[in-house]
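> What follows is a single structure, and I will ask about it in a moment.
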Amino acid sequence: LISSALALPMIGMRQLYKTNITLKKINEGLLRLMVATVDAQDPYTSGHSIRVSKYSQFISQVNGVTTRQAERVVRAALLHDVGKIYSEFAPVLRKPGRLTEKEYGIMKTHSKKGADLVAQVTHFEDLVPIVLSHHEAWDGSGYPNKISGEQIPLGARIIALADTIDAMSTSRPYRDGLPPAVIMAEIQKQAGRQFDPILCERLLAGWSAME
């Protein structure tokens, strides 16, 4: 009787574990589907979210971020632009030239819309502040809430840096991708302004390993 009583909780635990694994796979598949849908909206930066996630992983690594926290940052990086899935962003994303002030205003809403979407998936709820804040700036000049410094979640600070690296290195209709030396110089220039200066310092010190 005692062994039977012990076996029941063990069976229940195994079933719960299998259920959690299944749910995790479903959520990961949902994440990939959402990312692919967003990337399909913008013909000029296909694969952007994947590249940002890889840069984010490297930045996390050189800054000594724990494995568990780095995994969260990578997931948030994959989802950072998911707000652009809405139809109002499609014509702006497909525009070959520079954006007007009105178009830029539309684009600035994507981080809040993305955070609201991510919040609907329970498995990703801890990523919401990161997705919301990935366009905040160290000096408080970013959006949507103009928070500054360490008020910005670490994951968001990492993604902001990774996002900019990919934006500068990717060719657009109005300019070619920038060479590494120019990108490094711009990161150094924006350290303490747009970006966390410590993240920048450690990234630049380990840059050769990323190339």
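> Expressed in nm to one decimal, what extension gain is obtained for the pair Tyr86 and Leu204 from 0.36 nm per residue of sequence separation less their Cα-Cα distance?
On the way: separation 118, 0.36 × 118 = 42.48 nm, distance 3.54 nm.
Using 0.36 nm per residue and subtracting the Cα-Cα distance, I get 38.9 nm.
> Check Arg172: other-chain or 5+ apart residues with amide H under 5 Å from its amide H, H built from backbone geometry?
Gly177
> Of Lys54/Lys112; Lys54/Lys102; Lys113/Lys146; Lys84/Lys189, which pairs sit farther than 27 Å apart, going by alpha carbon to alpha carbon?
On the way: Lys54/Lys112 23 Å; Lys54/Lys102 31 Å; Lys113/Lys146 17 Å; Lys84/Lys189 29 Å.
Violating the 27 Å Cα-Cα cut-off are Lys54/Lys102; Lys84/Lys189.
> State, to one decimal in nm, how far the label point of Gln188 lies from the label point of Ala36, with both points 7 Å from Cα in the Cβ direction.
Label at Gln188, label at Ala36, 4.2 nm between them.
> So what is the diffusion coefficient of the stretch 103-198 in µm² per second by Stokes-Einstein at 37 °C and 0.692 mPa s, using a Kirkwood Rh over Cα pairs? Working shown, then result.
On the way: Rh = 14.2 Å.
Estimated diffusion coefficient is 231 µm²/s.
> Round to the nearest 0.05 the FRET efficiency obtained for Ala119 and Leu99 when R0 = 30 Å and r is the Cβ-Cβ distance.
Values: r = 27 Å, r/R0 = 0.90.
Efficiency for this residue pair is about 0.65.
> Also: Could you order the peptides 89-98, 148-157, 197-206, 48-57 from most to least packed, using the average number of other C-beta atoms within 10 Å per residue?
Working: 89-98: 13.7, 148-157: 19.1, 197-206: 16.7, 48-57: 21.3.
Highest mean packing first, the order is 48-57, 148-157, 197-206, 89-98.
Read-outs throughout are calculated quantities, based only on the coordinates presented, and are distinct from any laboratory measurement. Fair warning: this is a prediction, and the values are worked out from it, not measured in the lab. Cβ sites come from the backbone with ideal geometry, for glycine too, and all protein chains shown count toward neighbours.
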